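Just so it is clear, none of the values below were taken in a lab; they were calculated from the coordinates. From a predicted model like this one, the values you see are computed outputs, not experimental measurements.
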Amino acid sequence: MQQRRQAGFTMIELIVVIVILGILAATALPKFLDLKTDAQQSALEGMAGTASSAMSLNYAGCSATGHLTTGANAAKCTKISKCDDVGTILQGGLPSKYSTTTTAVATNGTTASCVLSMTGYTPATPVTFTAIGAGN
């Protein structure tokens, strides 16, 4: 009777595979742990884009109505005289974890660069949006 040799992996081969998988996991893990910072930065940039778009739309509505903020035009034009006023033109207002600078935009069509920040997060580069004076 002839002996059959069993096919399979040796203990050393299995240990080598486990070590290689451990090294791969150790190099990939820090990237996955830093996703919170990336998510906060993206949320901040998204809110800045939303604020900038809202300012542009409000200015367009104000321009179309001669910058009148009363009567029938009240829903089309909201007075914007500083960066903080962005909350008045966003549906639901500016979320509580966000804040802006109080830079003034005195006259209609005047622009100002506003800094947007998020509570509990400080980016290396400030996130800005453009405020446009309207309804003044």
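Here are the numbers:
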item	result
Alpha-carbon centroids, region 13-47 and region 51-113: separation in whole Å	41
Region 13-54: C-alpha pair distances exceeding 10 Å, %	75
Hull volume in cubic angstrom per residue (convex hull over the Cα atoms of region 41-80)	50
Compactness index (Cα Rg / 2.2 N^0.38 Å), region 37-132	1.11
Over the chain: helical MRE at 222 nm, DSSP H runs n ≥ 4 each giving -39500 (n - 2.57), nearest 500	-14500 deg cm²/dmol
